[in-house]
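**Q** Let me begin by handing over the structure; questions about it come next.
The values are calculated or read from the model by the stated rules, or taken from the named source; none is laboratory data. Keep in mind that this is a model prediction, so the values were computed, not measured. Cβ atoms come from the backbone with ideal geometry, glycine included; neighbour counts cover every protein chain shown. Heavy atoms of the whole protein, side chains included, go into the accessibility calculation; ligands, DNA and RNA do not. Shrake-Rupley method; radii C 1.70, N 1.55, O 1.52, S 1.80 Å.
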Amino acid sequence: MHQQRQDRATRFSSNEVRLSSREWMGLMLVFMFLAALARPIWNGVEVFEPSADYRIPYDSSEDYWLFERSCREAADSTKTFVVGDSFIWGQYVSREETLSHYLNQGTGSEQFVNAGLDGAHPLALEGLLKHYCKALQDTEVILHLNLLWLSSSQADLQVGRGGRLNHPNLLPQIRPTIPGYEASVSERLGILAARHLPVLEWSRHVQSRYFDNVDLQRWTLDHPYLNPLHQITPTLPPLESPLRGGAQPWSAEGRTQQRLPWVEIDTSLQWRGFQRLVATLQERGNRVFVLVGPLNEHMLESTSRAVYRGILGRVEYWLEDEGLAHFLPPVLPSELYADMSHPLAGGYALLAQDLLERMPS
């Protein structure tokens, strides 16, 4: 018996700490308690004072903790949310040249909030607002639909994209099945856990904003003589990123018209995601106004343009059938587009003027 105890002690001698089941349970309770305090404590440490034209920095597009905090701040002041992808975010313009900016300028207010997120296709927007913008309730929402996400089976996620997938952490992890999204069971479980444990998203936020988007262990190896605590500052680092690409008309670069392999709207995964997103917003008591496009039809070959207009017709029929307030604006002048779907500053200004005339008072 003595020998058995000695062998057992030798077997576990390399372990610094051994916890009983009761001790593990106590540790889990402490962790859950600290996790619940993460948001209120950190919000008191990190000063967040967004300006009227604030938008999530491009480099923080996957910082959903920051997006959730921005959503909470705006929801508390009963603003009108302008929701969408990089079209709303303003890929080729400064934050003082976006659609939300010109809407505020046209109304002489600070009513409209830029809730755009770069790369947020409809399936990603569905997950973003469902899990990280729960504060968006009983208010006005302008929801943009960018039909470019239906322009191919890759964009629609019916097949793999063959490259980086935008916002995989926002996609449905169980149902519905997304053929273009491949992830292991452990990856999916980790994503689901992050949605219910804010401390996990908080750690990603700290990693993104203060540690060059790498984990603490890697950062300390790369910076062996720096104190990681000195990286944490009371205010967020600079929030505005340089403009992406050249802010000039699409035709200036010699681009030619394109023929896009549009998917059928009845089988489109992105379209179904958009429909579910509208339903989620309405279930929360929001009043949704849908803005569709306008896509740069000057850049479409005639056959592809005809298919696109057929999709537009189907979208408009659904919006009317659902009784949703909406606006399908006319195509902007060619020189006001930077590419297939993004306007330049003059395009946003013109669109804002038309939109204000069509929105319900």
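**Q** May I ask you to verify whether G127 is at pLDDT 85 or above, on the phi > 0 side of the Ramachandran plot, open to solvent by less than 50 Å² (accessible area, probe 1.4 Å) and not charged (D, E, K, R)?
**A** Spelling it out, it is not the case that G127 is at pLDDT 85 or above, on the phi > 0 side of the Ramachandran plot, open to solvent by less than 50 Å² (accessible area, probe 1.4 Å) and not charged (D, E, K, R).
**Q** Being open to solvent by 30 Å² or more (accessible area, probe 1.4 Å) and small (G, A, S) is the filter here, so list the residues in segment 255-284 that pass it.
**A** A279
**Q** Oh, and also: Quick one: which residue in E126, E62 is of a type outside the set (A, V, I, L, M), out of contact with any Lys or Arg (no Cβ under 6 Å at 6 or more places or on another chain), in contact (Cβ under 8 Å) with a residue 60 or more places away in the chain and more than 30 Å from E335 (Cβ to Cβ)?
**A** Just one listed residue meets the conditions, E62.
**Q** Also, quick follow-up: Restricting attention to segment 141-173, and to residues there that are surrounded by 17 or more Cβ atoms within 10 Å (Cβ to Cβ) and at positive phi, which single residue is farthest from the chain's Cα centre (by Cα)?
**A** L157
**Q** So which of D138, D63 is farther than 25 Å from P294 by Cα, surrounded by fewer than 24 Cβ atoms within 10 Å (Cβ to Cβ) and either modelled with pLDDT of 90 or more or over 10 Å from the mean Cα position of the chain (by Cα) (or both)?
**A** It is D138.
**Q** Which of the residues spanning segment 177-199 are part of a loop (DSSP other than H, G, I, E, B), open to solvent by 40 Å² or more (accessible area, probe 1.4 Å) and not acidic (D, E)?
**A** T177, P179, S184, L197
**Q** Within segment 235-244, does at least one residue satisfy the condition of being at pLDDT 80 or above and either surrounded by 14 or more Cβ atoms within 10 Å (Cβ to Cβ) or hydrophobic (A, V, I, L, M, F, W, C) (or both)?
**A** no
**Q** Restricting to segment 332-344, give me the number of residues that are touching a strand residue (DSSP E or B) at 6+ places or on another chain (Cβ under 9 Å) and either open to solvent by 50 Å² or more (accessible area, probe 1.4 Å) or not in a strand (DSSP E or B) (or both).
**A** Of the residues in that region, 4 qualify.
**Q** Any residue at all in segment 312-326 that's in a loop (DSSP other than H, G, I, E, B) and within 23 Å of S100 (Cα to Cα)?
**A** yes
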